[in-house]
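Beneath this line is the structure, given in structure tokens, with notes to follow.
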Amino acid sequence: MDKIKAFFENKVTKIVSWVVLALAVVSLIIGGVTAETINSGVALVAGIVAAIAMFIAFICDQVKK
């Protein structure tokens, strides 16, 4: 159990997870919004909210250190 906890507390693991999360959010924003759906804007707003939430979580994680 301690090895698993140490793995997730590893700085490289945290950086890789933030990069993967950021790429996922960006791909959802870019790939999920087409010219037809941009009129409703629901997918775009959801992507932007997810990006902001990810940024806030990243900042909070860095401040805790």
Check: Could you list, in sequence order, the residues of the stretch 3-19 that are exposed (fewer than 10 other Cβ atoms within 10 Å of the Cβ) and either touching a Phe, Trp or Tyr at 6+ places or on another chain (Cβ under 7 Å) or at pLDDT 80 or above (or both)?
Finding: 3, 11, 12
Margin query: For the stretch 23-65, give me each residue that is of a type in the set (S, T, N, Q) and either surrounded by 10 or more Cβ atoms within 10 Å (Cβ to Cβ) or modelled with pLDDT of 70 or more (or both).
Written below: 27, 37, 40, 62
Item checked: the stretch 1-26 residues that are in contact (Cβ under 8 Å) with a residue 24 or more places away in the chain, paired with ones that are of a type outside the set (A, V, I, L, M, F, W, C) (beta carbon under 8 Å, 6 or more apart) -> 14/61; 25/47
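The values are calculated or read from the model by the stated rules, or taken from the named source; none is laboratory data. The model shown is predicted, which means the values in this text are computed figures rather than measured ones. No Cβ is skipped: glycine too gets one built from the backbone with ideal geometry, and neighbour counts run over all protein chains shown.
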